[in-house]
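Visitor: Dropping a structure here in structure tokens format, bear with me for questions.
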Amino acid sequence: MARLRIAQVVGAAGLAGALACSGCAGADIQEGLGSLGGVQSQGGDASATEPATSDDPGTVSTDPSADGSSGDTDDPTDDPTDDPSTDPTADPTDDPTTDPTGCVAGVEVCNGDDDDCDGDVDEDDAAIGLPCDTKMPGGCGAGIQACTDGLLVCNPETPATAETCNGADDDCDGTVDQGNPGGGGGCDTGTPGVCAAGTSQCQSGGLACVQNVGASGEACNGADDDCNGVVDDGNPGGGGGCSTGLAGICAAGTQQCQGGGLACVQNQAAVGEVCGDALDNDCDSAVDNGCGCAHDTCTIGGALTSGCDACVTSICATDPFCCNNSWDSQCVSETSSICGLVCPGSCAHSPCVAGGVLTSGCDGGGCVATVCGTDPFCCATSWDDLCVGQVASLCGLTC
């Protein structure tokens, strides 16, 4: 018969049960009793030599006959096989003091149980801590295996965070750098003109300054539209002729881009009056004002100003063309016919006065040349009355 190991004897009833084992070897009984405090066995007859201590529940008999006549409190009919602690099928190597639960140690796995009987649950599954794929987008894809509630789960190694401009899907929503993270602020592109102003934008994992307006053709607006560093260069929109609204030589102007707008700029500035050029040089709306006669009355030229001398006043009163437009050959002839003056030079006398021969063209190529062209006698022999009469008929002048 195999050795019986008493797993636990509590009280007098348990002790009597152990002693009731008929046919048990004395050594077996002694081993069982040796584990009880205050009880010892001597020899092979398993007779009690010392009663139980005060800690024992009561004094018991060690009479192996268990007949109930010697004060044994145990039921003599007790079947020792009913007591699990005396079950002869128990594992003789099982030690109840170190394995009170009867746990059979195995390999710890993630299942909610303490498989290795160490008091901890699911702590040593071989898969815990191994890399795994969470099947999540972005930076959350790489994971680490963990045991949670008895199940292996793949947790993200890096949890989702707010999106930043770094070329990665930080918030794990499947889109990289969405929402222009970190961007949107104003910035300087470093380019001149209208191209300088920019807005920061997240591009390729980094912030870039993107210009708000691209270069365009230069316009007259006070801005550097073509971004070449020069404002309104090339006189954009200008160059055409215009009227300044001023008098004299100051009236003519050219369109020029100035201060971001087009202006009519006079081509010539006012200067001191130049007598005899028939121009309003000082832009005061009067031609040759303040001058004497710009030229001699016997000389063809610009219009003379009435009042510059008495003869001119007389001529212009009769023939306003001479003071408004030009002093032509007729005005020269009128010096003789109206003023009775003889022009110096070849014209020794007025064509309206008979006298010596006159030289063709002496009056500036006017009437004398016409008369002599028809009647050479007047310039070759004598300027007689017939020649004087031809001044009216050929030249249309009144002597």
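Values quoted throughout were computed directly from the atomic coordinates according to the rules given, and no laboratory measurement underlies them. If you're wondering where the values come from, they're calculated on a predicted model, not measured in any experiment.
Visitor: Per the Kirkwood definition applied to all pairs of different Cα atoms, how many angstroms is the hydrodynamic radius of segment 301-395?
Guide: Answer for segment 301-395: a Kirkwood hydrodynamic radius of 13.2 Å.
Visitor: From the backbone phi of segment 151-163, what are the Karplus-calculated ³J(HN,Hα) couplings (6.51 cos²θ - 1.76 cosθ + 1.60, θ = phi - 60°) in whole Hz, Gly and Pro given as x?
Guide: Karplus values, whole Hz, x for Gly and Pro: 10, 7, 10, 9, 8, x, 5, 10, x, 5, 10, 4, 5.
Visitor: Cα centroid distance between segment 325-399 and segment 147-178, in Å?
Guide: The distance from the Cα centre of segment 325-399 to that of segment 147-178 comes to 116 Å.
Visitor: Follow-up. Assuming 0.692 mPa s and 37 °C, estimate D for segment 205-339 with Stokes-Einstein, Rh taken as the Kirkwood radius over Cα pairs, in µm²/s.
Guide: My calculation gives 176 µm²/s for D.
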